[in-house]
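Below: the structure, in structure tokens.
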Amino acid sequence: MKISHNICKLLSVAILGCLILFVSCQTETDVDPNDNETEGSEEEENNNNGNGNPGGEFTSDELSSFLIFSDSTTKIDGQPPASPDGQLKINIKDTIYVVKGYPWGNRIHFLHDPSQDITGFYIYVEGASYYHDVPETVVEDQYIPTDDEDTTSVVVLDFDLSKQNGRTYEDKNVVYPVTAEIKIQPHDKDGASLDEFTKWITIEDPESGENCNSIVEKTWEWNFTIRVNNGDVVNVWAPGLAIPINTKGGGCCNGDGKSLTTADIGCEVDINEPNMTWIEVYPNDFYVRPFEILHFYDGGKALAFQKEIIKNWDLFNTDFCGQALAYTFTVNDNFAREGEHDFIPGASHMKLNFPGWKGGWKPTGGDIVYTCNTLIIIFGVEGDAFLSVYKQWDGFSLIEDTQVIWHD
């Protein structure tokens, strides 16, 4: 997959002003996994075996077996190859957070030069006897702004203790959060590592408390949405992923070289007469959300920030004789849209309402699951649920630095 997106090129000075006026951000620094233990008994402290998993007794190989990827992977014995300092960037500062019991974990983005052809990632748990070769997450129809010079690649990473090697987590005395140190190496089609990132991956249990009984006075950035139908993931939406609108269409070209549509007399689907030929076309139109941000206040107020871009196939201005498709663009800037929420600390359901919303996709409430670092909103009907995953965002430094926050 090759997505190019620079969110902040979409932000104008006026919008930044709105952010300053309307939003107060409670920025929480990343938790140092070495300080990730909760206060407890000496026995609990002694159960930490140095792998950064308080309360567990997992080896590095066991921790590696708990990693889950959205694509099939290759297990390779040994340690990953030496890696150069390739000057790539990652959108995670220190810790990759995932939620116990919920699929798909976290989408992780890497910024690189277009000349660097990333085809996969080596992912290694520190101290393990093997590592994983994970293909780049490939999705068709990516939104690529015309003024972007860089490219980003994506890997989806999850961490689950409950379904690996036939063993369930109850077999160990697990105290959440559980953390492992990992190395991530983007590599090219020849398998050559392009750079290396050392990060922590932490699985949090929403039922453990962790003094995070509220989503209020925090800012949440949309990470992805999945649709789960009868247990299967059937759709994925994420920032920069374009949703196709039309995949096939058609019109006619007559003997005079004039383009016609089915609204014109004589033009019919699949017609093939001497003076009229049916021309089938495959439009490349889409709907895309480059980003979505939610902020909840005490007192039931909410703010949403979102941009959506719609590229529509223009049937009536398409030249079917020359097979030159025409398009129209609609851009909806939904900045500082005020709304209402009914969240109370400890709640498992929340209503969201944005009366003045413009545009297509509008964030709404539903059942909610949350930890200190992740918010999941679940809506739909039984057997056909949508899970929207948000991660806590520290991006209000964008007010001073109008670039996406990337890290080494």
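None of the figures in this text is laboratory data; all of them are computed from the coordinates on show. It should be emphasised that the depicted structure is a prediction, and the values quoted were computed from it without experimental measurement. As a convention, Cβ positions derive from the backbone with ideal geometry for all residues, glycine included, and neighbour counts pool all protein chains shown.
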Counting sequence-distant residues (5 or more places) and residues on other chains, those with an amide H built under 5 Å from that of Ile245 are Asp285, Phe286, Tyr287
XL table Lys93/Lys362; Lys311/Lys358; Lys93/Lys183; Lys307/Lys358; Lys199/Lys391; Cα-Cα > 19 Å flagged, in table order, is Lys93/Lys362
Net charge (Lys, Arg +1; Asp, Glu -1) of residues whose beta-carbon lies under 12 Å from that of Ile376, Ile376 excluded, is 0
The rounded separation in angstrom of the Cα centers of region 230-266 and region 338-368 is 33
Fewest-first ordering of Lys307, Lys258 by Cβ atoms within 10 Å yields Lys258, Lys307
With x for Gly and Pro, the residue-by-residue ³J(HN,Hα) of region 259-267, computed from phi through the Karplus equation 6.51 cos²θ - 1.76 cosθ + 1.60 at θ = phi - 60° and given in whole Hz, is 7, 9, 10, 5, 6, 8, 5, x, 9
Amide H contacts under 5 Å for Ser70, restricted to residues at least 5 apart in sequence or on another chain and with H modeled in the peptide plane, are Val156
Taking R0 as 35 Å and r as the Cβ-Cβ distance between Glu382 and Tyr282, the FRET efficiency 1/(1 + (r/R0)^6), rounded to the nearest 0.05, comes to 0.45
Between the modelled labels at Val331 and Asn312 (7 Å from Cα along Cα→Cβ) the distance in nm is 1.8
Residues whose built amide H sits under 5 Å from the amide H of Lys218, excluding neighbours closer than 5 in sequence, are Phe296
The residues Met276, Met350, sorted from fewest to most surrounding Cβ atoms within 10 Å, come out as Met276, Met350
Computed ³J(HN,Hα) along region 293-298: with the Karplus parameters 6.51/-1.76/1.60, θ = phi - 60°, integer Hz and x for glycine or proline, the list is 9, 10, 9, 10, 10, 4
Expressed in angstrom and ordered largest first, the alpha-carbon extents of region 225-356 along the principal axes are 72, 35, 24
Calc'd 3J(HN,Hα), region 312-322, phi into Karplus 6.51 cos²θ - 1.76 cosθ + 1.60 (θ = phi - 60°), Hz, glycine/Pro = x, comes to 9, 5, 9, 4, 7, 10, 7, 8, 6, 5, x
Expected sort for Lys362, Lys248, Lys199 with the fewest Cβ neighbours (10 Å cutoff) up front is Lys248, Lys362, Lys199
